[in-house]
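The values are calculated or read from the model by the stated rules, or taken from the named source; none is laboratory data. On a predicted model such as this, the values are computed, not experimentally measured, just so you know. For neighbour counting, all protein chains shown are included, and Cβ atoms are generated from backbone atoms with ideal geometry for every residue, glycine included. What goes into the accessible areas is simple: the full protein's heavy atoms, side chains included, and nothing from ligands, DNA or RNA. Shrake-Rupley method; radii C 1.70, N 1.55, O 1.52, S 1.80 Å.
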Amino acid sequence: MTALLQVEGLGVHYGGIEAVARLDLEVRQGERVTLIGANGAGKSSTLKALAGLVAASAGSIRYDGTDMRALPAWQRVGRGLCLVPEGRGVFSRLTIEENLLMGAYHRGSVPQLSRELDHIYGLLPRLHERRHQAAGTLSGGEQQMLAIGRALMARPRLLMLDEPSMGLAPLMVEKVFEVIRNIVAEGVTLLLVEQNARLALEMCDRAYVMESGRIVLSDSAARCLDNPLVRAAYLG
Amino acid sequence: MDIFLQQLVNGLTLGSIYALVALGYTMVYGIMELINFAHGEVVMVGALVALTVIQALSGQGWPVPLAVLAGVLAAMVVCMVLGLVIERVAYRPLRRAPKLAPLITAIGLSIVLQQLAALIWGRGYLSFPAVLPPVSVAWGGVIITAIQGVIVALAGLIMAGLLVLVQKTALGRAMRATAQNPAVAQLMGVNTDRVIALTFVLGSALAAVAGVMVVAYYNVGNYTMGFMLGLKAFTAAVLGGIGNLPGAMLGGLLLGVVESLGAGYIGDLTGGFFGSNYKDVFAFMVLIGVLVFHPNGLLGSRAQEKV
Ligand SMILES: Nc1ncnc2c1ncn2[C@@H]1O[C@H](COP(=O)(O)OP(=O)(O)OP(=O)(O)O)[C@@H](O)[C@H]1O
Ligand SMILES: [Mg+2]
């Protein structure tokens with residue numbers, strides 16, 4: 001079976017700085033894949049290139065059989081390639097419900113939207129209570145939930161999450177990951193970037209380890225958890 | 001008391017026009033933190049296009065209301081295209097440039113548009129045919145002319161429509177999302193280039209209507225008319241809190257009222273030393289006052305942060 005996402009030789013440059021170099025990566029339908037690495041390794045740059053927020057300077061991005069590099073960012077989400085960016089990116093001056101509706105923006109006005117909103121509110125009841133408040137009034141963890149809920153409204157086939165645990169208290173991290181597990185159980189394919197490598201490896205099938213813009217290791221998540229190098233560098 | 005009420009009516013009329021123009025400044029600022037100083041010239045172009053069309057058509061014997069309607073529509077179409085071209089040619093290439101670059105471009109663009117208008121329409125004054133019968137209602141000692149009534153009512157309708165568009169529709173949400181974080185808006189599937197262009201088009205349509213209102217109210221138009229009007233509307237936008245739509249509406253109305261009351265009373269206040277031709281002073285006193293004491297404007301949030 002061919003992969004849902006097939007990345008070959010990806011490069012990302014910022015001016016003269018090479019953030020990602022010759023990166024190969026694939027994600028198959030229904031898989032949960034994590035990309036881990038230290039600060040500045042190039043994880044976010046990789047996801048941004050996949051989503052189209054930064055231009056790839058080299059390589060190819062095949063998603064669902066088409067070359068994504070030809071598409072601007074705003075057209076990629078229409079194919080189900082969906083990124084929850086680092087730092088969540090909720091629209092703090094829009095209400096919670098407006099944020100969720102923005103998630104479905106690319107789908108136009110479809111009749112089942114209110115049913116889907118109810119589904120999201122079912123998963124995330126805190127959002128329902130406060131749906132008419134500005135999203136900026138939510139706590140960090142709640143904003144992360146909102147960002148994930150908003151991504152679900154986009155009907156993702158491949159959901160890319162960039163550090164969903166960033167800046168959250170341990171209890172909140174647990175809750176956020178619970179929500180992610182529920183989503184994955186519904187059949188969404190996942191590409192997860194996470195600082196908390198143990199959490200990421202425990203919930204994923206396969207892992208890529210990134211250092212200075214390159215993939216240095218690719219293996220099953222279970223074997224990575226046992227890998228002495230990974231343990232020393234990322235599992236403390 | 002009658003003078004006060006009369007100047008209030010005059011001020012609200014003038015203020016409605018300022019508000020429509022101020023909305024153009026504030027929408028563009030809200031979405032890309034750019035002060036489109038050429039916006040006043042768009043108003044001028046709208047006014048002169050409408051004048052030309054109305055003069056020509058009523059000269060051919062068209063009934064006046066139809067000629068006016070055609071003039072307004074023509075002005076809107078021309079201004080919307082102009083807004084689109086301005087965004088594409090003057091501002092889009094500069095999106096990543098330092099803030100000063102688009103500002104200088106805007107000033108250059110104003111000069112170009114004024115000179116083009118001077119070439120097309122000449123440097124004289126064009127007069128507006130009497131379109132509305134000079135009817136008025138007298139109410140106590142206050143006289144409200146038909147044209148005043150039409151201007152205030154139409155401006156009110158347009159502003160209500162704009163608020164509904166921005167607050168209640170998917171397009172309005174996309175505009176607000178783009179204003180706040182264009183990169184994330186793109187992740188939601190918003191074609192942000194198109195939303196920005198649309199914002200210019202919308203602001204230019206309002207400018208066209210405002211331009212027609214000005215010439216209908218004062219009965220003349222001229223290629224320099226956009227400058228002062230634009231400056232005052234910009235003042236109104238800053239007064240209300242630039243980037244804030246209700247702020248632009250409030251700022252416009254307030255500025256119109258302040259200016260009219262000022263014009264009505266300046267003679268008395270200064271013992272006849274200054275006449276009402278000094279009314280423009282008030283707008284700029286307001287601008288300076290706001291900048292000094294309340295730089296975020298009446299409804300502007302503290303430090304319009306871009307999250
Ligand atoms: N907009 C930018 N301009 C210039 N350099 C950048 C930019 N964004 C990232 N970089 C650089 O690219 C490299 C990779 O950054 P990136 O954000 O992709 O890393 P990361 O793995 O996501 O790190 P973190 O764990 O801190 O989020 C870093 O050296 C960073 O300084
Ligand atoms: Mg990162």
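Among the numbered conditions (1) at negative phi; (2) charged (D, E, K, R); (3) at pLDDT 90 or above; (4) more than 13 Å from the chain's Cα centre (by Cα), the only one that A:R157 does not meet is (4). Here A:V54 does not qualify as more than 16 Å from ligand 1 (Cβ to nearest atom), β-branched (V, I, T) and not in a strand (DSSP E or B). B:V137 falls short on exactly one of the conditions (1) outside any helix (DSSP H, G or I); (2) touching a residue at least 60 places away in the same chain (Cβ under 8 Å), and that condition is (2). When A:Y14 is tested against the conditions (1) open to solvent by 50 Å² or more (accessible area, probe 1.4 Å); (2) more than 16 Å from ligand 2 (Cβ to nearest atom), the lone failure is (2). Within region A:19-46, being part of a loop (DSSP other than H, G, I, E, B) and either near ligand 1 (Cβ under 9 Å from one of its atoms) or among the hydrophobic types (A, V, I, L, M, F, W, C) (or both) holds for A:A38, A:N39, A:G40, A:A41, A:G42. Consider region A:200-221 and keep the residues that are crowded, with 18+ Cβ neighbours inside 10 Å and away from ligand 2 (no atom under 16 Å from the Cβ). The one that is nearest to the other protein chains (Cβ to nearest Cβ) is A:C204.
For (1) more than 12 Å from chain B (Cβ to nearest Cβ); (2) closer than 14 Å to B:Q186 by Cα; (3) among the basic types (K, R), each residue gets a yes or a no:
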| residue | (1), (2), (3) |
| --- | --- |
| A:G37 | yes, no, no |
| A:K48 | no, yes, yes |
| A:D64 | yes, no, no |
| A:P72 | no, yes, no |
| A:L83 | no, yes, no |
| A:G89 | no, yes, no |
| A:S92 | no, no, no |
| A:N99 | no, yes, no |
| A:H119 | yes, no, no |
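Between A:L168, A:L229, A:L225, the distinction of being of a type in the set (A, V, I, L, M), within 16 Å of ligand 1 (Cβ to nearest atom) and either modelled with pLDDT under 90 or surrounded by 14 or more Cβ atoms within 10 Å (Cβ to Cβ) (or both) belongs to A:L168 only.
A:L190 falls short of the stated requirement of being within 20 Å of A:G42 (Cβ to Cβ), away from ligand 1 (no atom under 16 Å from the Cβ) and within 14 Å of another protein chain (Cβ to nearest Cβ).
B:V152 satisfies every condition listed in (1) touching a residue at least 12 places away in the same chain (Cβ under 8 Å); (2) open to solvent by 40 Å² or more (accessible area, probe 1.4 Å); (3) at the interface with chain A (Cβ under 8 Å from one of its Cβ atoms) except (3).
Can you tell me which condition B:G243 does not meet? The list is (1) open to solvent by 20 Å² or more (accessible area, probe 1.4 Å); (2) within 14 Å of another protein chain (Cβ to nearest Cβ); (3) assigned to a helix (DSSP H, G or I); (4) not β-branched (V, I, T), and all the others hold. With respect to (1) open to solvent by 20 Å² or more (accessible area, probe 1.4 Å); (2) within 14 Å of another protein chain (Cβ to nearest Cβ); (3) assigned to a helix (DSSP H, G or I); (4) not β-branched (V, I, T), B:G243 is out only on (3).
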